[in-house]
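Contents: one structure, followed by commentary.
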Amino acid sequence: MHLQGRGFRFCSPSRMLTALVFILLCVQPGRGQTCTEGFAYERRTRQCIDVDECRTMPDACRGDMRCVNQNGGYLCIPRNLYNQPYRPDPIVPEPVYPDPSAGFPDSFVPSPPRSVEPSYPRVISTAQCILGYALAEDGTCNDIDECETNSHHCNPTQVCINTAGGYTCSCTEGYWLLGGQCQDIDECRYGYCQQLCANVPGSYSCSCNPGFILNPDSRTCQDVDECADEPCSHGCLNTYGSYMCNCDEGFELASDGTTCIDLDECSFSEFLCQYRCVNIPGSYSCICPPGYYIYEDGRSCEDINECDTGNNTCTTAQVCFNFQGSYTCLNTLQCNPPYVEVSDNQCMCSAENPACRDKPFTILYRHMDMSSGRSVPADIFQMQATTRYPGAFYIFQIKSGNDGREFYMRQTSNVSATLVLSRPIKGPKKVVLDLEMVTVNNVINFRGSSIIRLTIFVSEHPF
């Protein structure tokens, strides 16, 4: 309850007894144009008149309070109290002064009281406490908890908060007052969360993307070190919000992104190994066929010389001949008659022997090896005349063994020729060629020949 104080200056009419004369003196209210609070000066009457605050101040009283104008002020009283029946205050009688013409009596007798009706309602309350408090048994004023007694007028969406002598209506945390209603605050709009935010009534919830965990502050996110759980079969590299698996050399990452599978290097190229590639976990290995060993480069095959290593089956009467990938045991030279042995690799038929007529004068035995599928054309053997006669010329030819026409002779000079491989030969194979050198001397009418019996061992492999 609010009461605006009243204050003004006035002169009450008084009667003064003078000798035989009654003079009524009245002091005119106010001087000049200044009035006290609650009054306004009226030029027409040149008086201070009361201001009706209930009309000039629309918000003089709020809530369930009603404004009641009074002289020089106004009252804010509850409406339920304003509707109570009017009970006037007891009137204090105004003193009556005797008529001086009648003389002065020995005693003063006051005049009977007269009733003066006020121009505004009066509220008389027996309560000794201001609004919002209640009188306790001990005579003190205790605050009324409107929130507990449910005598407040807060909106259902609001929360009642008791205060001294009253209460206030507020919104709980996470809500704000909008249009008289408590509306939920969408905290996610203000970036409260570092990554993911979900608005809930009155609050919000933060969460993190995969690969992160929520920090104790429930707002920020921290990277998870997935590698600590060893998700990868080989190596693991932690990244921000994720991880990457890597594989050792010779392996590749599977489609699941975590396991490693062996890389078949042998399927990449047929030239990794000279002979054969064998895949092993994480790598590969080159192997060679029997009669070979792996060279220092790890991929090439080198022939094993069984004749040098002694790893052969030749007898002491035989000669060990090594060729690519294997060896052979050569028997000692045996010349068929009428040929006689003149060295360990040469047979001769003497001109004095009638049986040697029309036969080659000498047969020289030679051996050589050749890789299977050797590229062509290739010069593989050279022969020349060791004895030269004046006026003689020489003819070189293949006398026998060239059934497949894989060879031919190319004369390189008057006394020499080269055996040329014209077609590749697949091994393993043994080829025996009789290379003939015919000597012709027209001066002395001589024609003779010599034979080189060349045995070629073709290996099984092209190396």
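For the range 300-306, putting each phi into the Karplus relation 6.51 cos²θ - 1.76 cosθ + 1.60 with θ = phi - 60° gives couplings of 8, 10, 10, 5, 8, 7, 5 Hz, in residue order, rounded to whole numbers and with x for Gly and Pro. Taking a ≥ b ≥ c as the square roots of the eigenvalues of the Cα gyration tensor, an a/c ratio of 1.5 or more together with a/b no larger than b/c marks the range 307-404 as oblate.
The simple spin-label model puts a point 7 Å past each Cα toward its Cβ; for Ser255 and Asn209 those points are separated by 2.7 nm.
Of the chymotrypsin sites (Phe, Trp or Tyr not before Pro) found in the range 179-257, those that fall in a DSSP loop while having at most 16 other beta-carbon atoms within 10 Å are Tyr192, Tyr240. Computed with every protein chain present, the accessible area of Val319 is close to 80 Å² [probe 1.4 Å]. The 1.4 Å probe gives accessible areas that order His367, His461, largest first, as His367, His461. Backbone phi angles across the range 441-458, fed through the Karplus curve with coefficients 6.51, -1.76 and 1.60 (θ = phi - 60°), yield HN-Hα couplings of 10, 6, 5, 9, 6, 10, 9, x, 9, 10, 10, 10, 8, 9, 9, 10, 9, 8 Hz in residue order; Gly and Pro are listed as x.
Applied to the range 285-298, the Karplus parametrisation 6.51 cos²θ - 1.76 cosθ + 1.60 on θ = phi - 60° returns per-residue 3J(HN,Hα) values of 9, 9, 10, 10, x, x, x, 10, 9, 6, 6, 4, 6, x Hz, with x for Gly and Pro. Taking 7 Å steps out from each Cα toward its Cβ at Arg189 and Gln128 produces label points 5.5 nm apart. For the range 327-405, the list of trypsin sites (Lys or Arg not before Pro) that fall in a loop by DSSP and count at most 12 other C-beta atoms within 10 angstrom reads Arg357, Arg388, Arg405.
At 1.4 Å probe size, with the rest of the protein present, what percent of the exposed accessible area of the range 228-343 is carbon and sulfur atoms? With neighbouring chains kept in place, the figure for the range 228-343 is 49 percent. Applying 1/(1 + (r/R0)^6) with R0 = 41 Å to the Cβ-Cβ distance of Asn442 and Arg374 gives a FRET efficiency near 0.55.
Annotation: amide H of Gly373 within the under-5 Å range of Ile425, Lys426, Gly427, sequence separation 5 or more or interchain, hydrogens built in the peptide plane.
Between Gln181 and Met57, the C-beta separation translates, for a Förster distance of 41 Å, into a calculated FRET efficiency of about 0.90. Around the amide H of Arg66, modelled in the peptide plane, lie the amide H atoms of Ile77, Arg79, all under 5 Å away and 5 or more residues distant in sequence or on another chain.
The values are calculated or read from the model by the stated rules, or taken from the named source; none is laboratory data. Just so it is clear, the structure is predicted and the values come from calculations on it, not from any experiment. In this analysis, Cβ positions are derived from the backbone assuming ideal geometry, glycine residues included, and neighbour counts consider all displayed protein chains. Calculation scope for accessible area: heavy atoms of the full protein, side chains included, ligands and nucleic acids excluded. Shrake-Rupley method; radii C 1.70, N 1.55, O 1.52, S 1.80 Å.
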